[in-house]
1. Find the centroid of the Cα atoms in segment 1-27 and in segment 59-91, then give the distance between the two in whole Å.
2. Measure off 7 Å from each Cα along the Cα-to-Cβ vector at Ser85 and Leu25, then give the distance between these two points in nanometres to one decimal.
3. Per-residue HN-Hα couplings for segment 40-55, Karplus 6.51 cos²θ - 1.76 cosθ + 1.60 at θ = phi - 60°, whole Hz, x for Gly and Pro?
4. As an exercise, use a Förster radius of 22 Å and the Cβ-Cβ distance of Ser78 and Thr47 to find the FRET efficiency, rounded to the nearest 0.05.
5. Excluding residues on the same chain fewer than 8 positions from Lys72, give the aspartates and glutamates whose Cα lies under 15 Å from its Cα.
6. Restricting to the chain, what percent of DSSP beta bridges are antiparallel, rounded to 5?
7. Where a Cα-Cα gap under 19 Å defines reach, which lysines qualify for Lys70, not counting those fewer than 8 residues away within the same chain?
8. Roughly how many nanometres apart are two label points built 7 Å out from the Cα toward the Cβ at Val35 and Ser69?
Amino acid sequence: MHVEIDEESKKWIESKGNQLTVKMLEVDACCAPCVQELVAIPGEPKTFEQYKLLKIGNLTIYIQNFLYSKEKLTLKISGVSFLKSISAKIQ
């Protein structure tokens with residue numbers, strides 16, 4: 001898997017502890033269709049069995065197993081000041 005990450009995103013992840021978890025968040029409600037969203041969360045996952053470990057320099061990125069088979073992961077920072085967050089896109 002190829003990971004595309006810019007310098008600003010690297011610095012943000014480093015400031016959050018050098019670890020990032022990329023996973024699919026699924027919300028299933030009784031009255032609405034199921035919604036799936038790819039999320040990138042600072043820190044490590046609660047359980048490691050469902051994740052592949054990827055090291056990029058001093059960063060550790062945990063990627064959900066079924067997402068790891070995709071070709072490219074793009075991580076990009078957005079927001080301002082304390083409202084910054086990182087988004088993940090898989091192609």
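1. For segment 1-27 versus segment 59-91, the Cα centre distance is 5 Å.
2. Here the modelled spin labels are 0.6 nm apart.
3. 10, 10, x, x, 9, x, 5, 10, 8, 5, 9, 10, 9, 9, 10, 9
4. 0.20
5. In chain and number order, the partners are Glu4, Asp6.
6. 70
7. The reachable lysines, counting only those whose Cα sits under 19 Å from Lys70, are Lys23, Lys52, Lys55, Lys89.
8. 2.7
Bear in mind that the values in this text are calculations on the coordinates, not laboratory data. Given the structure is predicted, the values throughout are model-derived calculations rather than measurements. Please note: Cβ atoms are built from the backbone with ideal geometry, for glycine as well, and neighbour counts cover all protein chains shown.
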